[in-house]
Amino acid sequence: MAEALVIRNLSKRFGGLRAVQELSFAVREGETVALIGPNGAGKTTSFNLITGYYRPDAGSISAFGRELVGLRPHDVCNHGLARTFQVARPFGKMTVLANVMTGAFLRNKNVEIARARARAAIEFVGLSAKEHMPARELTTIDQRRLEMARALATEPRLLLLDEVMAGLNHAEIDQAVTLIGNLSKRGLTIVIVEHVMRAIMAVARHIVVLDHGQKIAEGG
């Protein structure tokens, strides 16, 4: 399999804090890779660097053969990378459908096409019955599903999931694991940050362990 994402010697400092230190790893197309480690290990900072929210002090980020450093977040997304956030960020007053259409508009400016793509993503994550509900009225797990649907509506080749199981109960975690497994079966490349180890062991083929911004172990 070809490499979907290649990180080389990535570093980021905030004042005197080294958030990420010479981080290197690679993700192959169709693979699910987990980034794990304690709070403050640099996992979310790494996601922010990959997706253009932060610019690294040093290092290289390549996705599907193209260098991403210097690109803005919407350009990174346009190149086929989409992400979710630790804290769900829906447009609360907008419906589920309208929220997901904001993602679909990245590639489809036609309203009817965008609506159809959004509905397909909503159906995939299991929210079709709630597509006309305001996003702020969704439960925690449904807001996580909404985040995934909005990301999927951008038609990504690589999906970065940031603690999508935080705050979920055991049954909801099992539902999330099934959903991620279905995404993988579709051939999507996935990088996931998560603290729920039983979920990581169920979905990830490869694990990268971070601590204090450094890679301290890797295996699969």
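Values quoted throughout were computed directly from the atomic coordinates according to the rules given, and no laboratory measurement underlies them. All figures in this text were calculated on a predicted structure; none of them were measured in a lab. Glycine gets a Cβ as well: all are built from the backbone with ideal geometry, and neighbour counts include every protein chain shown.
For K12, give me every one of the aspartates and glutamates with a C-alpha distance below 13 angstrom, ignoring sequence neighbours fewer than eight places off in its own chain. Filter leaves E22, D57.
Can you give the net charge of the other residues whose Cβ lies under 12 Å from the Cβ of I190, counting K and R as +1 and D and E as -1?
Numbers: positive: R28, R83, R157, K185, R186, R205; negative: E29, E31, D162, E194.
It works out to a net charge of +2.
Scanning residues 5 or more positions from M165 or on other chains, none has an amide H under 5 Å from its amide H, with H placed 1.01 Å from N in the peptide plane.
Alpha carbon centre of the range 110-130 versus the range 139-164: separation in Å? Here the two parts' Cα centres lie 13 Å apart.
Fully extended, how many nm does the chain gain between S60 and R115 (0.36 nm per residue separation, minus their Cα-Cα distance)? Present the calculation step by step, with values, prior to reporting the outcome.
On the way: separation 55, 0.36 × 55 = 19.80 nm, distance 3.62 nm.
Taking 0.36 nm per residue and subtracting the Cα distance, the gain is 16.2 nm.
For T154, what charge total do you get from the other residues with a beta carbon under 11 Å from its beta carbon, if Lys and Arg give +1 and Asp and Glu give -1? Write out the running numbers ahead of the final one.
Values: positive: R83, R107, R117, R150, R157; negative: E155.
Surrounding charge for T154 is +4.
Taking L210, L183, L106 as the candidate residues, the one with maximal mean-square fluctuation in a Gaussian network model of the chain, Cα springs under 10 Å, is L106.
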